[in-house]
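The values are calculated or read from the model by the stated rules, or taken from the named source; none is laboratory data. Note that the structure is a prediction, hence the values are computed from the model and not measured. Quick reminder, even Gly has a Cβ in these numbers, built from the backbone with ideal geometry, and neighbours come from all protein chains shown.
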Amino acid sequence: MRRLEPDKIPAALLRDGLITRAALERYERLAAGDSGDPMALLVKSGIIGEERLYRYAAELLELPYKELDPLELDYDTVTSSLPGKFAQAHGMVAFMREDNTLHVATSSVARGDLEADMELMLGLEIVYYIARPSEIERVIRQFYGLHSSIVAAVKQLNDEDGVDLGNLERYVSSETSESIEPTEKPVVNAVNHLFQYAFEERASDIHLEPHRENTIVRLRIDGLLHTIYRIPKRLHLPISSRIKMISGLNIAEKRRPQDGRIRTHFDGKPVEIRCSTVPMAFGEKTVLRIQDPQILMQDIAGLGFEKDDLERYERMLKQPNGLILVTGPTGSGKTTTLYSSLTAVSRETVNITTIEDPVEFVTDEFNQISVQSAVDLTFTTALRHILRQDPDIIMVGEIRDVETAVSTMRSALTGHLVLSTLHTNDTATTAVRLMDMGVAPFLLMSTLRGIAAQRLVRKICPECSEEWVPEDALADSIEIPRGSTLRRGNGCRACRNTGYKGRTGVFEVMDVGEEMRAALAGRVGVDDIRRLAVSQGMRTMRDSARLKVLAGVTTPEEMLKVDLGGE
């Protein structure tokens with residue numbers, strides 16, 4: 001590997017036209033009082049971007065440049081190839097091994113005699129790549145942090161004498177078995193590192209799935225699950241117990257599903273995590289849903305409504321009474337729409353009460369009730385009692401049965417604005433579904449003010465977005481003019497080469513006016529309701545998705561998911 005003298009790089013940048021003379025002079029003034037790394041100073045002072053600088057360094061060294069995406073790296077390869085302290089001290093990450101060749105990314109451009117020592121120490125041929133220091137540090141923090149905690153916990157288990165490891169339930173409940181208590185430092189550290197990893201990767205959910213040989217850890221990012229780690233089977237129980245402890249759940253209860261929550265912070269901002277545990281064949285599966293208040297309680301204008309749909313939905317929210325339903329499958333963003341809607345109508349002069357199972361996000365803005373079936377606090381009983389609490393607006397987390405549906409509509413009938421959700425595919429199906437559940441048509445037509453059905457689609461990454469013209473067959477399938485210029489993501493570091501970053505909503509919003517009420521009273525079919533709604537100006541989800549495709553927000557592939565009823 002060739003070497004560079006870091007203090008000569010600023011002059012080389014000027015020579016090759018990457019910075020200006022004024023920028024070099026500013027760097028020299030800063031460097032006079034800074035004895036640190038010249039390349040770090042160039043980046044810190046904003047003279048040149050980190051990625052551009054290290055790509056340039058790779059060219060000078062005649063080495064390939066490597067983008068390190070934690071989700072594409074193998075934990076065993078990274079953590080077993082180089083010791084953690086060595087990797088941290090020398091800014092190195094081993095990311096691939098092929099027979100006797102080890103591929104190593106480094107942020108150091110002045111290696112000295114380290115290469116020969118490493119090859120001698122490891123007995124392998126080493127192929128070097130240049131990577132950004134921030135990515136090296138991120139991988140080391142995420143991989144070695146979690147890995148070292150897991151290794152330390154396994155070591156404690158191995159050091160414990162006279163323990164029946166086949167009976168981990170008895171082991172964790174034993175007062176003398178201190179080494180796998182959920183308060184032990186390695187277990188605490190492992191859970192903390194897992195949360196940090198998920199926060200940094202913008203994950204919406206963490207899955208811990210017990211299998212016969214190990215526990216698989218997966219993160220859901222932009223709607224897709226990624227496997228990130230495999231925890232040894234013997235550590236599943238202490239890690240699960242730690243999560244249950246900080247979630248306020250019963251550690252000893254392993255036969256029944258439980259729900260809890262964790263309140264924490266990331267980058268100085270509050271984060272709430274909803275925890276769910278369910279018994280499976282090989283142990284309890286734990287799913288942690290990460291609730292970001294900035295996403296959950298945002299301006300409804302940022303949810304993805306088209307302009308006229310947003311105006312229609314805002315008119316619904318201004319109704320003094322009646323029922324507004326938000327529908328869609330699990331994971332379609334209904335909770336975000338509801339919370340954002342409540343935030344939009346929240347004022348000091350309005351009493352807002354929610355009934356949820358469980359409460360999705362605890363906030364001071366609303367009066368929140370959590371359903372507790374064990375003490376007969378159901379949606380129905382809670383509704384009956386909160387009507388005596390002088391509410392103006394009520395949010396019912398979900399209509400699951402005819403009893404909840406009827407109670408919700410009666411609340412709307414008594415002069416309250418009620419918001420709720422239902423698991424149906426579109427607006428027209430929702431009205432018919434309620435009648436199929438046993439709701440009387442007169443009650444439905446008297447209370448229903450509007451329905452918003454939704455899905456989530458992935459947004460094109462703004463960093464690598466590019467124009468393209470789809471083939472005629474694809475254009476025909478999504479009903480756009482042939483030769484239309486669309487956009488798609490080419491794949492980059494920012495989006496992990498997926499071409500997508502973030503998600504947005506696709507909606508259809510149905511107003512329920514006099515003509516629609518008359519149709520509901522006549523118990524017409526789904527197709528008739530849809531035709532009537534479209535004739536009154538409703539835009540279908542397919543049409544909303546098509547507009548987002550034409551606007552360069554998403555792709556035809558994501559639009560087709562909406563067509564198929566996917567998420």
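To keep it simple, each residue is scored yes or no on (1) at pLDDT below 90; (2) within 23 Å of the chain's Cα centre (by Cα).
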position	(1), (2)
469	no, no
493	yes, yes
497	yes, yes
501	no, yes
511	no, no
530	no, no
547	no, no
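For segment 89-103, the criterion of a residue being assigned to a helix (DSSP H, G or I) and either within 18 Å of residue 40 (Cα to Cα) or not assigned by TED's automatic domain parsing to the domain that holds residue 43 (or both) is satisfied by at least one position.
Residues are listed down the side, and each one gets a yes or a no for (1) in the same structural domain as residue 156 (by TED's automatic domain parsing); (2) aromatic (Phe, Trp, Tyr); (3) assigned to a helix (DSSP H, G or I); (4) in contact (Cβ under 8 Å) with a residue 40 or more places away in the chain:
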| site | (1), (2), (3), (4) |
| --- | --- |
| 189 | yes, no, yes, yes |
| 212 | yes, no, no, yes |
| 219 | yes, no, no, yes |
| 227 | yes, no, no, no |
| 234 | yes, no, yes, yes |
| 252 | yes, no, no, yes |
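Per the conditions (1) closer than 15 Å to residue 61 by Cβ; (2) modelled with pLDDT under 85, the sole criterion not satisfied by residue 74 is (1). The set of residues in segment 196-210 that are over 25 Å from residue 332 (Cβ atoms) and either free of Cβ contacts under 8 Å to residues at least 60 places away in the same chain or under 15 Å from the mean Cα position of the chain (by Cα) (or both) comprises 196, 197, 200. Checked against (1) touching a residue at least 40 places away in the same chain (Cβ under 8 Å); (2) at negative phi; (3) within 38 Å of the chain's Cα centre (by Cα), residue 83 passes all but condition (1). If you go through segment 387-405 and pick out every residue that is over 28 Å from the mean Cα position of the chain (by Cα) and either surrounded by 20 or more Cβ atoms within 10 Å (Cβ to Cβ) or not assigned by TED's automatic domain parsing to the domain that holds residue 531 (or both), you end up with 4.
Given the options 145, 162, name the one that is in the same structural domain as residue 229 (by TED's automatic domain parsing) and modelled with pLDDT of 75 or more.
Numbers: 162 fails: modelled with pLDDT of 75 or more.
One residue alone meets the criteria, 145.
Does residue 114 qualify as being under 21 Å from residue 7 (Cβ atoms) and either surrounded by fewer than 20 Cβ atoms within 10 Å (Cβ to Cβ) or at pLDDT below 85 (or both)? Criteria met by residue 114.
Restricting to segment 121-142, name every residue that is in a helix (DSSP H, G or I) and modelled with pLDDT of 85 or more.
Residues of segment 121-142 that are in a helix (DSSP H, G or I), as a first pass: 121-122, 133-142.
Residues satisfying the conditions are 133, 134, 135, 136, 137, 138, 139, 140.
The criterion of at least 2 residues that are polar (S, T, N, Q) is met by the following helices (runs of 4 or more DSSP H) wholly inside segment 437-535: 441-447.
Here is a yes/no grid of residues against (1) touching a Lys or Arg at 6+ places or on another chain (Cβ under 6 Å); (2) touching a residue at least 24 places away in the same chain (Cβ under 8 Å); (3) assigned by TED's automatic domain parsing to the domain that holds residue 319:
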position	(1), (2), (3)
515	no, no, yes
521	no, yes, yes
526	no, yes, yes
530	no, yes, yes
536	no, yes, yes
548	no, yes, no
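Counting the residues of segment 410-431 that are assigned to a helix (DSSP H, G or I) and farther than 23 Å from residue 344 by Cβ gives 5.
For segment 20-43, give me each residue that is part of a loop (DSSP other than H, G, I, E, B) and modelled with pLDDT under 90. Break it down into steps so the answer makes sense when it comes.
Start the filter on segment 20-43 by keeping residues that are part of a loop (DSSP other than H, G, I, E, B), which leaves 20, 32-37.
32, 33, 34, 35, 36, 37 - these are the residues of segment 20-43 that are part of a loop (DSSP other than H, G, I, E, B) and modelled with pLDDT under 90.
Among the residues of segment 492-503, those identified as crowded, with 18+ Cβ neighbours inside 10 Å and closer than 26 Å to residue 338 by Cα are 500, 501, 503. Among the candidates 357, 376, the residue that is loosely packed, with under 13 Cβ neighbours inside 10 Å, charged (D, E, K, R) and at pLDDT below 90 is uniquely 376. Scanning segment 517-551 for residues that are surrounded by 17 or more Cβ atoms within 10 Å (Cβ to Cβ) and within 12 Å of residue 427 (Cα to Cα) yields a total of 8.
Taking the criterion of being within 36 Å of the chain's Cα centre (by Cα), modelled with pLDDT under 90, among the charged types (D, E, K, R) and over 15 Å from residue 135 (Cα atoms), would at least one residue in segment 44-52 satisfy it? The answer is yes; a qualifying residue exists. Exactly one residue out of 352, 369 is of a type in the set (Val, Ile, Thr), in contact (Cβ under 8 Å) with a residue 40 or more places away in the chain, closer than 25 Å to residue 387 by Cα and crowded, with 19+ Cβ neighbours inside 10 Å: that is 352.
Using the structure shown, decide if residue 63 is touching a residue at least 60 places away in the same chain (Cβ under 8 Å) and either out of contact with any His (no Cβ under 6 Å at 6 or more places or on another chain) or of a type in the set (A, V, I, L, M, F, W, C) (or both). Yes; evaluated as a whole, the condition is true for this residue.
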